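Trainee: Structure in structure tokens, see below.
The values are calculated or read from the model by the stated rules, or taken from the named source; none is laboratory data. This one's a predicted model, so the numbers in the text were calculated from it and none came from an experiment. As a convention, Cβ positions derive from the backbone with ideal geometry for all residues, glycine included, and neighbour counts pool all protein chains shown.
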């Protein structure tokens, strides 16, 4: 016969237990390392930012901000090590690139990757063609590999532009399907809701009245607000 | 690991080789708090546990339930601050039609969402005379209110974008603003 749970017996007889009991917190294990800043976490994975000081070929330190991830396993985060996602110099430079609008669900991390400037990773000089590239990226944090990567939309008619503008909101589901809202960098006021899955990228909605921060996900149902009204679509 | 976000996590700990207790803590702090325990039943027909544990920053929301023939049945929504263990909200999941004083709450929840300011919304399963129906509830600065009810509410359709709450009823999306 099953043993009677002491915990349940107490809950039944006393009502609900007070929740402010004292106990030491769980040890974190290998991840995140001390001093790291946790950006996102869920029950499967954790994404953090840390400062590193690698040396260049001449032996000079080049402080770098790294975004890394680790997955949960064996009762700790990071039992299988961490994966590199992005690195950028700690000191301000002319390089105008980075990642933002991170979204994590399960083992999948999605983010906006921006790369802009002139040749050689610096501000464009006068008369030089300016580069603007916006991509949405999905990584599988179990392997660290990029699962999907696509421009945020159709680029304006410009040879150095990729993507239609920066994604303002971005959500990913547990299978790695990602959706985002992008406001066109050229068509004033026009926004689009995009989805990227194994079949490619498609546009779910377009128009000036899409609320850029209205994107939400319940399971695989995507919601957004347009003209003050809610809309939804299945992600797969 | 039961739930985690950028500020806090809720994890399970086996107690005395029997039940699994859920505990929550804020990263970098040495103090953790009891959040609940895994769902289970005992020999006399009593069941209990904690469902739909959800985090928003350092706040944790969940449903606690106990069902006992002797002591009655409770379905409670709780929102707690894991920085200090303060309970911000503790309310029944809804109102039961039974009139039985031993029944507190309307039924189990199928989804809970919480905002970092403590506003919370949930869908519960209420057994009424007409059968099982779903109810969308909100508790925020404006108080508690029932937003929708019916047999055609998708039980796991609740989602939050900032202060906009979404759900699906009859295949159509609905939304409201949490205050």
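Trainee: If the requirement is being on the phi > 0 side of the Ramachandran plot and either more than 7 Å from chain A (Cβ to nearest Cβ) or out of contact with any strand residue (DSSP E or B) (no Cβ under 7 Å at 6 or more places or on another chain) (or both), which of these qualifies: B:49, B:43?
Mentor: B:49
Trainee: Continuing with the same structure: Answer yes if at least one residue in the range A:196-208 is under 17 Å from the mean Cα position of the chain (by Cα), buried (at least 18 other Cβ atoms within 10 Å of the Cβ) and more than 10 Å from chain B (Cβ to nearest Cβ), and no otherwise.
Mentor: yes
Trainee: Please work out which one of (1) surrounded by 21 or more Cβ atoms within 10 Å (Cβ to Cβ); (2) assigned to a strand (DSSP E or B) is the condition residue A:165 fails and give its number.
Mentor: (2)
Trainee: Residues in the range B:41-76 that are within 17 Å of the chain's Cα centre (by Cα) and not in a loop (DSSP other than H, G, I, E, B): how many? Explain how you work it out, then say what you get.
Mentor: Looking only at the range B:41-76, we keep the residues that are within 17 Å of the chain's Cα centre (by Cα), and these are B:47-67, B:73-76.
Then drop every residue that is not not in a loop (DSSP other than H, G, I, E, B), which leaves B:47-56, B:59-67, B:73-76.
So the count comes out to 23.
Trainee: Also, I was wondering about something else. Do you know which residues across the range B:127-153 are surrounded by 21 or more Cβ atoms within 10 Å (Cβ to Cβ) and more than 22 Å from residue A:211 (Cβ to Cβ)?
Mentor: B:134, B:135, B:137, B:139, B:153
Trainee: Does any residue in the range B:142-156 that is assigned to a strand (DSSP E or B) come within less than 8 Å, Cβ to Cβ, of a residue that is loosely packed, with under 15 Cβ neighbours inside 10 Å six or more places away or on a different chain, and which pairs are these?
Mentor: From residues that are assigned to a strand (DSSP E or B), the pairs are B:150/B:170.
Trainee: Here are A:97, A:69: which of them is closer than 25 Å to residue A:166 by Cα, part of a strand (DSSP E or B) and at pLDDT below 80? Lay out the reasoning, then the answer.
Mentor: Values: A:69 fails: at pLDDT below 80.
Sole residue among the options that is closer than 25 Å to residue A:166 by Cα, part of a strand (DSSP E or B) and at pLDDT below 80: A:97.
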